[in-house]
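Values quoted throughout were computed directly from the atomic coordinates according to the rules given, and no laboratory measurement underlies them. This is a predicted model, so every value here is computed, not measured. Every residue, glycine among them, receives a Cβ derived from its backbone with ideal geometry; neighbour counts consider all protein chains shown.
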Amino acid sequence: MFTLLLAAAASPAAYAQSRDPADLVITNVTVIDPETRKVIPAQEIVVDDGRILAIRKGTKRATRARSTIDGTGKFAIPGLMDMHVHANLKPLHKSTLALMYANGITGARDMASDCHSEKGIALCIGEMRKAAAAIDAGTLTGPRLLALSTMKIQSAGAPKDPADPRVRFFPQNPEQTAALIPVLLERKPDIIKLGDIIDTASYTLLLDAARANRIEVSGHLPAQLSVRQAAEMGQRSIEHARDLPLDCSTYGAKYRAYFAKPAGDGPRPSPIDRAKQAVETQDAKLCGEQIAAMRHHGTFYVPTHLTRQMDYRASDPAYRADPRMAWIPQQQRQMWDRDLDRFATVTPEQSDVLGKFFRLGLTLTGQAHRAGVKIMAGTDTGDTMVFPGFSLHDELGLLVEAGLSPMDALRAATTVPAEYLRRSKDFGGVSGGKAADILLVDGNPVADIGNTKRIAYVIQNGRVSDRAALDAILAETRVAEATK
């Protein structure tokens, strides 16, 4: 194990009666509680049996404890949550989880948690559940896996051989979707993950089945449906900052109409054409309607701005020479290079369009936030140029650039995810009764969101990793020099 495991202790109630030492006390620390938006200096945090037993004024005398951390000059924030990760690739599974933990991520929503075949490269959902249990038990290093999804369900990309058993996960019509639904439900996912291409009747079947089984449909939008329509129909979260910019434009309806026809009409719109038209035909009234539907129906938004940043920076040598490449295995780097090379072939004018589309996405995230849409921080970890763990801090910076305050950006990685997970009693703040998932950082992230990177301690379920332990994780997972 990478972490230092603290000895188990009595329950909080037993502790209160027996006055036995608590597991851990953090003294003289400034508590930042995003749930209440309060910043409270000179506090003592008492942790016992994996939960926060109490928080009270404390600068000198500490409650008796088996372990004590001097929090002088430090800030306590909730452990961060990345709400869009991919951690089920077998060769990368353990290193991805460990890197997230080393960067202060103590909870995650995995948006590709199952396999098409047990013989493939991806872990199946049963194996992911075993990983989640090992993390909870402290025998595997990583964030709590708080929600697991199906593989992406869509019509596009089906194997060409109709006898291939994977074909059933690529339904081409409502009849095939109806046959697939029991297979998905038997695997007991938390989320049915949706891709871009699926007919509206199949989409409705998936939504109805999810509601009946108290799970959800989240992910991409069917290409023929707008953000407003998906929100009204009941999709719980929408990922990636590409649909909202499109549907805030007059071009959006034309784009959706193309995919509403059985075989499309004329050449398929290219991503660059879509971006160009979206940027040039923004309509404030349309945009207000899309955002209002998200707010009214409680649709969560996970913009993963980093993925759109890659689109326009692919040809930038400095971008491609990111020193964090040292944690990316060679095989993965080769896949990333192919993706980068594909975008690097665009002309300077096209790159400018993609840059404007990225910045439009930031602007609309800020607008959605101000209108009351619930924004969650997610990275699409595993995608090109999204570095496990490290990149969540980049995404928080982009949320601030989008117009969220540092406190609201922090809430997007703590309080809002806890609400989404319906686990606010356990996560999302630093207060008595919550799970003891806490970061101690050497700078105030409410003054500068970049201070979330300055991690001194990660505490997960009461287990403590200091800076030396975190550095050991980084050393163990490093696979190469920073540059080729």
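Some points to look at:
- The stretch 83-420 shape via C-alpha gyration tensor axes, a/c threshold 1.5: rounded
- Cα-based reach from Lys57 at 20 Å (exclusive), listing lysines while leaving out same-chain residues under 8 positions away: Lys38, Lys74, Lys434
- Ranking Gly389, Leu80, Val430 by Cα position along the charge dipole of the chain, where only Lys, Arg, Asp and Glu carry charges on their C-beta atoms, puts Val430 farthest toward the positive end.
- Taking all Cα pairs closer than 8 Å and separated by 6 or more residues, the relative contact order of the stretch 323-447 comes to 20 percent.
- Cα-based helix-to-principal-axis angle, 467-477 vs the chain, degrees rounded to 10: 40
- Across the chain, C-alpha contacts under 8 Å between residues 6 or more apart give a mean separation that, scaled by the residue count, equals a relative contact order of 20 percent.
- Reachable aspartates and glutamates from Lys276, criterion Cα separation under 18 angstrom, eight or more residues apart if same chain: Asp243, Asp247, Asp311, Glu349, Asp352
- The chain: angle of helix 125-137 to the longest principal axis, Cα-based, in degrees nearest 10: 20
- Cα-based helix-to-principal-axis angle, 251-260 vs the chain, degrees rounded to 10: 70
- Taking the Cα centre of the stretch 83-420 as reference, the dipole from Cβ charges on Lys and Arg (+1) and Asp and Glu (-1) amounts to some 340 debye.
- Rg and Dmax of the stretch 240-325, based on Cα coordinates, read 15.8, 46 Å.
- Ordering Thr177, Thr281 by the number of other Cβ atoms within 10 Å of each residue's own Cβ, fewest first, gives Thr281, Thr177.
- Dividing the radius of gyration of the alpha carbons in the stretch 327-484 by their Kirkwood radius gives 1.01 for Rg/Rh.
- Here the gap between Glu289 and Ala480, fully extended at 0.36 nm per residue and compared with their Cα-Cα distance, gives a gain of 63.9 nm.
- Restraint check, Lys374/Lys425; Lys160/Lys188; Lys285/Lys356; Lys90/Lys453; Lys193/Lys254; Lys130/Lys188, Cα-Cα greater than 23 Å: Lys160/Lys188; Lys90/Lys453; Lys193/Lys254
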